[in-house]
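Asker: Mind looking over this structure? Questions follow.
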Amino acid sequence: MNTSVAKLSATSSALVLAAITLVGCTSVTEPPAADPLTKPAGQAPLPSATPTAADVDADTCPHFLARIHFGTMRANISGKLVDQGPREFATGTVGLDDDGNIVSYTVAPGDAPVAIGDRLCIDYAVGLPQLNHVRTIHPGQVLRLSLDPDVAWVPYFNPHDAPAGFQQIPYQQAIEAMAAAGDAGDVDAMRAIWADELSAMFSNPEHIDMIQRALDAGDLTVLNQMFS
């Protein structure tokens with residue numbers, strides 16, 4: 001091998017080695033840890049396309065948005081709800097309490113959770129269906145927006161301690177049946193659904209006891225927050 005060829009071969013080898021080294025040293029940024037308040041342990045994740053403060057009119061919304069939180073057997077909306085008025089995909093009726101605070105929203109045809117969130121200054125509004133124990137909202141549905149943080153809330157997707165391979169669809173159907181019975185004021189039907197179907201899907205004794213005590217007491221205000 002002549003000298004020119006040898007130098008060319010050595011240069012090529014050095015370039016290849018440098019490229020391999022650069023690739024091997026490329027840093028990988030870890031995704032941020034999930035917020036434990038917005039994604040319950042053991043539940044299916046909410047959709048990722050969530051609205052943020054940048055998506056809402058800063059001139060009419062407060063400096064902080066109302067925000068949906070999910071925890072272990074608890075859920076609530078923190079912050080101030082502000083009605084900016086009907087708009088496309090959010091033409092439903094807002095319900096107020098005696099003090100003028102927004103406590104509910106009745107869904108109109110064509111309404112969408114993100115648009116409702118835009119209207120009411122709610123961040124993470126894609127969680128509104130889950131908050132109200134449905135997969136998708138429907139016309140005529142009354143969304144509860146004022147939850148008592150001290151009252152239990154039963155997860156919609158699956159129990160927090162659900163094992164791998166948990167049958168999610170039967171669970172959701174039972175939860176929706178509980179919600180329908182609660183909205184109809186039929187506590188006996190709720191007790192039957194719990195005894196015949198739903199109770200066997202829970203494994204945490206504390207959660208089972210909490211739900212059973214609420215059903216025994218028959219307080220629809222509590223039961224509707226838990227299941228509807």
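Asker: Under a 5 Å amide H to amide H cut-off, with H placed in plane at 1.01 Å, what residues pair with Ala66 once short-range neighbours are removed?
Answerer: HN-HN under 5 Å from Ala66: Lys80, Asp123.
Asker: At what distance in nm do the modelled label points of Glu88 and Ala200 sit from each other, each positioned 7 Å from its Cα along Cα→Cβ?
Answerer: 4.9 nm
Asker: Hey, another quick one. If one puts a single equal scatterer on every Cα of the range 104-168 and applies the Debye formula without solvent, what log₁₀ I(q)/I(0) results at q = 0.13, 0.17 Å⁻¹?
Answerer: -0.42, -0.67
Asker: Taking θ = phi - 60°, what integer Hz values does the Karplus form 6.51 cos²θ - 1.76 cosθ + 1.60 yield along the range 183-195, in sequence order, with x for Gly and Pro?
Answerer: Karplus values, whole Hz, x for Gly and Pro: 5, 7, x, 9, 5, 4, 5, 5, 5, 5, 5, 5, 5.
Asker: Can you tell me how the range 168-227 classifies by the Cα gyration tensor, rounded, prolate or oblate, using a/c under 1.5 as the rounded cut?
Answerer: Details: a/c = 1.76, a/b = 1.14, b/c = 1.55.
Since a/c reaches 1.5 but b/c is at least a/b, the shape of the range 168-227 is classed as oblate.
Asker: Kindly list the residues of the range 75-110 that lie in the label zone of Thr221, defined by a backbone N under 19 Å from the point 7 Å along the Cα-to-C-beta vector.
Answerer: 75-77, 95-105
Asker: While we're looking at this one, here's another question. Report the Rg/Rh value for the range 77-194, based on alpha-carbon coordinates and the Kirkwood definition of Rh. Can you show the working numbers first?
Answerer: Working: Rg = 15.4 Å, Rh = 15.5 Å.
Using Cα coordinates only, the ratio equals 0.99.
Asker: Using +1 on the beta carbon of Lys and Arg, -1 on that of Asp and Glu, and nothing else charged, what's the dipole of the range 53-144 about the Cα centre, debye to 20? Numbers along the way, then the final one.
Answerer: Values: 7 positive and 11 negative charges, 85 e Å.
Dipole about the Cα centre, nearest 20: 400 debye.
Values in this text are rule-based calculations from the coordinates and carry no lab data. Not measured: the values here are computed from a predicted model. With ideal geometry, Cβ positions are generated from the backbone for all residues, glycine too; neighbour counts draw on all protein chains shown.
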